[in-house]
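Everything on this sheet refers to the single structure shown next.
The values are calculated or read from the model by the stated rules, or taken from the named source; none is laboratory data. Quantities reported herein were computed from a predicted structural model and do not represent experimental measurements. All Cβ positions, glycine included, derive from the backbone under ideal geometry; neighbour counts span all protein chains shown. Note: accessible area is taken over every heavy atom of the protein model, side chains too, but ligands, DNA and RNA are not part of it. Shrake-Rupley method; radii C 1.70, N 1.55, O 1.52, S 1.80 Å.
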Amino acid sequence: QVQLVESGGGLVQAGDSLRLSCAASGRTFSNYVMGWFRQAPGKEREFAAAITRSGSRTYYADSVKGRFTISRDNAKNTAYLQMNSLKPEDTAVYYCAAGSAVTTAQTMGVNWYDYWGQGTQVTVSS
């Protein structure tokens, strides 16, 4: 089992920045693709960003590309999501996840992540 704990959410104004952190348990963090997903009230959980096991490649949803940056520090068992130029439509609960994806499609799909954090609320006011 892998336990994931998100932190860093909060209430900000449009245009502000936040950095989310995801702390993982265990010593096999580098074995997993890490992803960030978000879910607004009444909507499906959607892909935001992902990063490969070594951190060599990153993937982003079109809606966040150019504004969000995903990173990881395998020595610290931690993944991050730097969110800049936040917009009201970014308001959602943000979840980190760990999975065994191999292909690009798997990396961007919710069904290929086995472990999920509890979520952290991000609210962006206009």
(message) Can you tell me which condition Val102 does not meet? The list is (1) of a type outside the set (Ser, Thr, Tyr); (2) modelled with pLDDT of 95 or more; (3) not in a strand (DSSP E or B), and all the others hold.
(response) (2)
(request) Among the numbered conditions (1) out of contact with any helix residue (DSSP H, G or I) (no Cβ under 6 Å at 6 or more places or on another chain); (2) open to solvent by 30 Å² or more (accessible area, probe 1.4 Å), tell me where Ser30 comes up short. (result) (1)
(request) Working only within region 1-27, note down all residues that are open to solvent by less than 60 Å² (accessible area, probe 1.4 Å), hydrophobic (A, V, I, L, M, F, W, C) and closer than 25 Å to Arg57 by Cα. (result) Val2, Leu4, Leu18, Leu20, Cys22, Ala23, Ala24
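Which ones in region 33-44 are farther than 19 Å from Ser7 by Cβ and either surrounded by 15 or more Cβ atoms within 10 Å (Cβ to Cβ) or touching a helix residue (DSSP H, G or I) at 6+ places or on another chain (Cβ under 7 Å) (or both)?
In the first step, residues of region 33-44 are kept if they are farther than 19 Å from Ser7 by Cβ; the result is 33, 40-44.
Hit for region 33-44 is Val33, nothing else.
Got a sec? Which of Ser71, Ser63 is in contact (Cβ under 8 Å) with a residue 24 or more places away in the chain and either within 16 Å of Ala98 (Cα to Cα) or assigned to a loop (DSSP other than H, G, I, E, B) (or both)? If you could, list the steps in order and put the result at the bottom.
On the way: Ser71 fails: in contact (Cβ under 8 Å) with a residue 24 or more places away in the chain.
Just a single option satisfies the conditions, and that option is Ser63.
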(request) Check Ala101, Ala97, Ala79 and return the single one that is touching a helix residue (DSSP H, G or I) at 6+ places or on another chain (Cβ under 7 Å) and buried (at least 16 other Cβ atoms within 10 Å of the Cβ). (result) Ala101
